[in-house]
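These notes are about the structure you will find just below.
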Amino acid sequence: MDIAWSNIFSRKSCDRNSVKDVLKKVPIFRDLSDRELRKVERLIYHRSFADGETIFRAGEPGLGMYIVESGQVQIYLLAHDEPLAILTDGEFFGELSLLDESPRSASAAAQGETHLLCFFHPELMDLLNVDPRLGVKILIGLSRTIGERLKKATEYIEVMKSGNPTSKVDACADKDR
Amino acid sequence: MPVRTKTAESPIWVKWLGVAILLAAAVAVLYSLSGLVKILIISALLAYIIDPLATFLESRGLKRSGATAIVFLMIVGIMALSFLVLAPMLVNQIISIQQSLKSGHADTMVKQIEQMAAPHFSSFGVKEVNIADRLEAYAASTAEWFFDHILDMVSLLTNIIIIPFIVFFLLKDGRQIKKQFVSLMPNRYFELSLNLLHKMDIQLGNYLRGQFLDAAVVGILSTLALWALNVKYAFLFGAFAGVANLIPYLGPVLGATLAILVTVIDTGQISTAASILIAFIVVKLIDDAIIQPMIVARSVDMHPLVVLLAVIIGGKFFGILGMLLSVPATGFLKVSLQEGIASYRRYR
């Protein structure tokens, strides 16, 4: 079978279970039942990236979030800089773009062959029309995730302000882990 | 140090040449399959108009297939009812007009109008106005088109079966079709194409549903106004005004002209013609001031010249149906281009 067609039609059932498992680990979808997760799964896009391939560039309009199904993703500001973060299986990025089209604040590239699950703003909007209950559950999960990140960012800023930043930031990071 | 590869960029002229070849090939294929394209356009327009109903039922807990089936049955029911109730009414009114135009009274009226109009047209180099001949020729060609396209049993049956079939699957599987289409895009253009399709979907949906609702409201208002004025063929003229309203600028003029011309020829009452003109002006004012701002997407405003050209080209290739479909089709092209260019600039 041709690669394009096999990509569309021959997704195996074992893949479906693993996608659901990956989604379950994402805090945004934590409160969803199995039935609801299956609904979300139908909206998810599967994309594969080669080693070093750009996923998105800083400044481009953001369209949604990516979840690492397998492989690794580097988040970086400039092409030759050290990465800001390296994300692995089950981790996610770009979730703020689910809310609006503001430009991406950093770039992302695959490290090694990487498979991503993508959940985008248009699908979330569709879901809010078709199944408002599920849509709101996801929005609450998203708000909680953003809230937690904001809290952590505030903590870091306070630590930085209070002097001796290096050791305290490390301590904060340790606490988060 | 991380290594991030960049995809090799082709020279800009290669890209544009590729786009031009693709466009030319697409136009050639579409032209050679014009019959199929017409069916697809009608089906897509219908699917766009009906879609919110299916989505509403889905939001009440029904599955997409169930919601689509219910909406579909409703629409088929309404269409069957219209065919049984409204079609005979329209046919009766058309036959009645034909008979009345053949009567001696109409002949006298037409001659009087010709005599009145002839001196005014002579300055344009027109020696004979011949309204009767022209009307007869136009009526004959319209009837021929009507029997060729609408009442031709083979094409009627094919369309009755194929169009609902396509509409049903577009409604039921539209999202999956869109998803699979976007999935085929290379990673570099994936977000761009998804975003573009999403924006086009919203804009087009609003535009087409707005146009359809607007035409329906104008049709109903015109029918009511003409009925209140006791105009003989109120339903026929109202329905025509509604359908003609799909063509901006020209539509309302066409609707009013037909009603006034037939009434004057049929009854000879200039006062009724004046009341009809006032009724159409009032409906147009209500349409411009209240209905259009409420329901028609302003972003798809088109220049009058573009509308005129679209109608002429549509008429040339697809006849009367082409004239009606040309405006929504041009709206589709305009939205696609607008969003395409905007998205390309944002992602560049």
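Readers should treat all values here as calculations from the given coordinates under stated rules, not as data from a laboratory. Bear in mind the structure is a predicted one, so any value in this text is a computation, not a measurement. Quick reminder, even Gly has a Cβ in these numbers, built from the backbone with ideal geometry, and neighbours come from all protein chains shown.
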request  = Give, in nm to one decimal, the length gained when the segment between residue B:305 and residue B:36 is fully stretched (0.36 nm per residue of separation minus the Cα-Cα distance).
outcome  = 94.0 nm
query = Any idea how far apart residue B:282 and residue B:82 come out in nm if each label point goes 7 Å out from Cα toward Cβ?
reply = 2.6
query = According to the square roots a ≥ b ≥ c of the eigenvalues of the Cα gyration tensor, what is the shape class of the stretch B:248-330, taking rounded for a/c under 1.5, prolate for a/b larger than b/c otherwise, and oblate for the remainder?
reply = oblate
task = First measure r as the distance between the Cβ atoms of residue B:25 and residue B:295, then evaluate 1/(1 + (r/R0)^6) with R0 = 45 Å and state the FRET efficiency to the nearest 0.05.
result = 0.75
remark   = Here the FRET efficiency for residue A:31 versus residue B:165, based on Cβ atoms and R0 = 51 Å and rounded to 0.05, is 0.80
ask   = So how much slack lies between residue B:261 and residue B:333, counting 0.36 nm per residue of separation and subtracting their Cα-Cα distance, in nm?
value = 22.4 nm
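First check a/c for the stretch A:54-131, with a ≥ b ≥ c the square roots of the eigenvalues of its C-alpha gyration tensor; if it is under 1.5, answer rounded, and if not, answer prolate when a/b is larger than b/c or oblate otherwise. Before the final figure, lay out each step's value.
Working: a/c = 2.94, a/b = 1.51, b/c = 1.94.
Judged from the Cα gyration tensor, the stretch A:54-131 comes out oblate (a/c at least 1.5, b/c at or above a/b).
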message = Given points 7 Å out from each Cα along the Cα-Cβ axis, report the residue A:57 to residue A:129 separation in nanometres with one decimal.
response = 3.2
query = Between residue A:77 and residue B:63, what FRET efficiency comes out of the Förster formula 1/(1 + (r/R0)^6) with R0 = 51 Å and r the beta carbon distance, rounded to 0.05?
reply = 0.65
query = When only C-alpha pairs under 8 Å and at least 6 residues apart count, what is the relative contact order of the stretch B:240-339, in percent?
reply = 23
task = In whole Hz, with x marking every Gly and Pro, tabulate ³J(HN,Hα) for the stretch A:95-104 from phi via Karplus 6.51 cos²θ - 1.76 cosθ + 1.60, θ = phi - 60°.
result = 5, 4, 5, 5, 8, 8, 9, 4, x, 4
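Find how much the distance from residue A:42 to residue A:99 grows on full extension, using 0.36 nm per residue of separation minus their present alpha carbon separation; answer in nm with one decimal.
Values: separation 57, 0.36 × 57 = 20.52 nm, distance 1.99 nm.
Extending this stretch completely gives an extra 18.5 nm.
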